[in-house]
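In what follows, a single structure is set out as C-alpha cells and then discussed.
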Amino acid sequence: KVGQPSNALMADAPSLPLIRELLEEAPGKQRKKPPVLGHPLRYMLELYQRSADARGHPRENRTIGATMVRLVRPLANVAKPLRGPWHTQTLEFPLTPNPVAYQLVRATVVYRHQLHLARFHLSCHVEPWVQKGPASQFPSSETGSSKPSLLFKAWTEMDITQHVQRLWNQKGRRVLRLRFMCQQQKGSEIELQWHGTSSLDTAFLLLYFNDTHKSVRKDKLRPKVLEEFMEGDSSLLLRKAR
Amino acid sequence: QVGSITSRVPGPFREHDEPKSNQCSLHPFQVSFQQLGWDHWIIAPHLYTPNYCKGVCPRVLHYGLNSPNHAIIQNLVNELVDQRVPQPSCVPYKYVPISILLIEANGSILYKEYEDMIAQSCTCR
C-alpha cells in the first residue's frame with residue numbers, strides 16, 4: 001500500500017481512537033499550501049513554540065495548562081455606525097461541541113488593545129454582548145483580569161471562562177457574542193472606515209481543554225522474579241507462577 | 001523439578017545468544033508529515049520522530065528490558081515446554097507525547113498534545 005494516501009489507509013480502521021480523531025479533524029481535501037490566517041496563525045505559532053520544541057516535544061516548563069487549545073475566529077461581525085468617538089462591532093463565535101470527551105478548563109478572548117488604522121489610533125476593549133441597555137462589563141475580579149499577553153505584546157488575553165462555561169452547558173446551537181469596542185483617540189469628527197476593518201484579525205477566542213480519556217497506566221514490573229529465580233529462590237517463582 | 005529447570009536456563013550472554021547489535025533496542029526514525037500525507041493540515045512540527053523497537057529478545061530477559069513476569073514465563077515455555085509458543089516480542093515500553101499545531105476542517109487552529117506518539121524505550125513482552 002506504499003504510495004496510497006494515509007487517510008485512505010486510516011479509513012480502513014476507523015474504530016481506533018487516534019484514527020477516528022485524525023479522520024474527524026483532518027480536512028477532507030488536500031490543500032497544497034496552508035491558508036494565510038494572518039495574526040491568529042502567528043499567535044498560535046508563538047503559543048506552540050512556547051509550549052513545544054522544534055521536534056514537537058512538549059516543554060516541561062510549559063504554562064499552557066491544557067492539552068488542547070482551539071482558536072475560534074468570529075463567524076461574522078456587525079459594525080455599528082459611528083457614535084461619537086466609539087466604534088463597535090458585535091462578534092459571533094460558534095461554540096461547537098468536541099468530537100471526543102475534552103473538558104473545557106479555560107476560555108479567553110484575545111484582542112488587539114491598540115489599533116492603528118491610517119492615521120487613527122484606537123484603544124479597544126471587549127465586553128459581553130447584551131440585547132438591550134448598556135453592556136455589562138466582565139467582572140473585574142476572578143474572570144475579568146485583563147492583562148497584556150505574554151505571548152504577543154500587541155494582544156490582550158482576557159479570561160472569560162465563567163461566561164463561556166455558562167453557554168457551554170446549554171443545549172442546541174451555542175454562539176458566544178462579544179462586543180468589540182474601540183475608542184478613537186484623535187478627535188471624533190472624521191469618520192473612520194470601520195467597515196473595512198476585519199474583526200477576524202483583531203479578536204479571536206481561545207478555548208483550553210484537557211483530555212478526560214487519559215488512562216493511568218499501572219504496569220507493575222517485577223523483573224526481580226527472574227533474579228530471584230536465578231539465585232535459586234525457587235519457591236518464589238513457584239508462588240508467582242501459580 | 002524446578003531445580004532441574006534452573007540448570008537448563010541459559011545464562012545471559014551465552015555464545016548462542018544473538019549478537020548485541022541484533023538485540024531488542026530502540027532505533028531512531030524520523031518521518032516528515034509530508035511523507036504521511038498530513039502536511040496540508042499539520043502546521044508544526046514538520047518532522048515526526050516516532051522511533052521504533054527492533055531486535056531479538058534475549059532468552060534471559062535482563063533487568064534493563066523491564067519485561068513483565070508473563071514474558072519471563074513465556075520465554076521459559078518456549079524454551080522448555082512448547083516451541084509453538086513464541087518468544088516475547090520487542091515492543092515499545094515508554095512513550096512520550098507530541099505537540100501538534102493543525103488547521104481543522106472548519107478553519108480553526110488547534111494546538112494539541114497527542115499521547116504515546118514517540119517510542120522512548122523498548123521492552124520484551
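The values are calculated or read from the model by the stated rules, or taken from the named source; none is laboratory data. Every value quoted in this text rests on a predicted model; they were computed, and no experiment measured them. Don't worry about glycine lacking a Cβ; one is built from the backbone with ideal geometry, like all the others, and counts go over all protein chains shown.
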Can you tell me which residue is nearest to the other protein chains (Cβ to nearest Cβ) among those in the range B:100-125 that are assigned to a strand (DSSP E or B), in contact (Cβ under 8 Å) with a residue 40 or more places away in the chain and not aliphatic (A, V, I, L, M)?
B:T123
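Residues checked against (1) among the β-branched types (V, I, T); (2) modelled with pLDDT of 65 or more; (3) at negative phi:
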site: A:V72; (1), (2), (3): yes, yes, yes
site: A:L75; (1), (2), (3): no, yes, yes
site: A:L82; (1), (2), (3): no, no, yes
site: A:E92; (1), (2), (3): no, yes, yes
site: A:V110; (1), (2), (3): yes, yes, yes
site: A:H125; (1), (2), (3): no, yes, yes
site: A:S140; (1), (2), (3): no, no, yes
Anything in the range B:35-49 that is surrounded by 15 or more Cβ atoms within 10 Å (Cβ to Cβ) and either of a type in the set (F, W, Y) or more than 7 Å from chain A (Cβ to nearest Cβ) (or both)? List them, or say none.
B:W38, B:D39, B:W41, B:I42, B:Y48
Confirm whether B:L61 is at the interface with chain A (Cβ under 7 Å from one of its Cβ atoms), more than 17 Å from the chain's Cα centre (by Cα) and assigned to a loop (DSSP other than H, G, I, E, B).
no
